[in-house]
1. Considering each residue of the stretch 1-26, count those that are within 13 Å of V69 (Cα to Cα), in a loop (DSSP other than H, G, I, E, B) and at pLDDT 80 or above, and give that number.
2. Can you pull out the residues in the stretch 10-21 that are over 16 Å from the mean Cα position of the chain (by Cα) and loosely packed, with under 12 Cβ neighbours inside 10 Å?
3. Could you list, ordered by first residue, the pairs with Cβ atoms under 8 Å in which the first is in the stretch 10-22 and on the phi < 0 side of the Ramachandran plot and the second is in a strand (DSSP E or B) and hydroxyl-bearing (S, T, Y), at least 6 apart or interchain?
4. Restricting the search to the stretch 58-75, which residues are farther than 15 Å from R31 by Cα, touching a strand residue (DSSP E or B) at 6+ places or on another chain (Cβ under 9 Å) and exposed (fewer than 14 other Cβ atoms within 10 Å of the Cβ)?
5. Of the residues that sit in the stretch 27-36 and are surrounded by 15 or more Cβ atoms within 10 Å (Cβ to Cβ) and modelled with pLDDT of 90 or more, which one is farthest from the chain's Cα centre (by Cα)?
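The values are calculated or read from the model by the stated rules, or taken from the named source; none is laboratory data. Because the structure is predicted, anything quoted here is derived from the model rather than measured. Here the Cβ positions follow ideal geometry from the backbone for every residue, glycine too, while neighbour counts run over all protein chains shown.
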Amino acid sequence: MVWWTNKAKFIPASSAANIEQDCWNCENRTRHVLHFARSGVGFGNPLTGSLWMSTGKQWVLICPVCEHVDLVDKSVAKELMGKR
C-alpha cells in the first residue's frame, strides 16, 4: 500500500560511531547517537506506521540526556558510518 506520513520514527544507525559534542539544548557534553528516519512517500503498513521503502531519509544526532535532535547532512552521516 502506498502512503505518506509526517510522523518521524527515528531508528539508531547500528554501524555508526557516536560523536562526543556539546548539546545545543541542555549544554551537556555527551556522546550523541546517529539515527535515521524514513520520509516522503513510501510503501509500508499504515496500521503499524512502519515504512518498508520510501523516497527520502533524514539523518539526525540525538542527545541521550534531553533527546534534542540535530539534523545532519548525508555526507556527515556517511562519514560517521565509515563509508566514504
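1. Result for the stretch 1-26: 5.
2. E20
3. Correct list of pairs: E20/T30; Q21/T30.
4. If the condition is that a residue be farther than 15 Å from R31 by Cα, touching a strand residue (DSSP E or B) at 6+ places or on another chain (Cβ under 9 Å) and exposed (fewer than 14 other Cβ atoms within 10 Å of the Cβ), then L71, D73, K74 are the ones that fit.
5. T30
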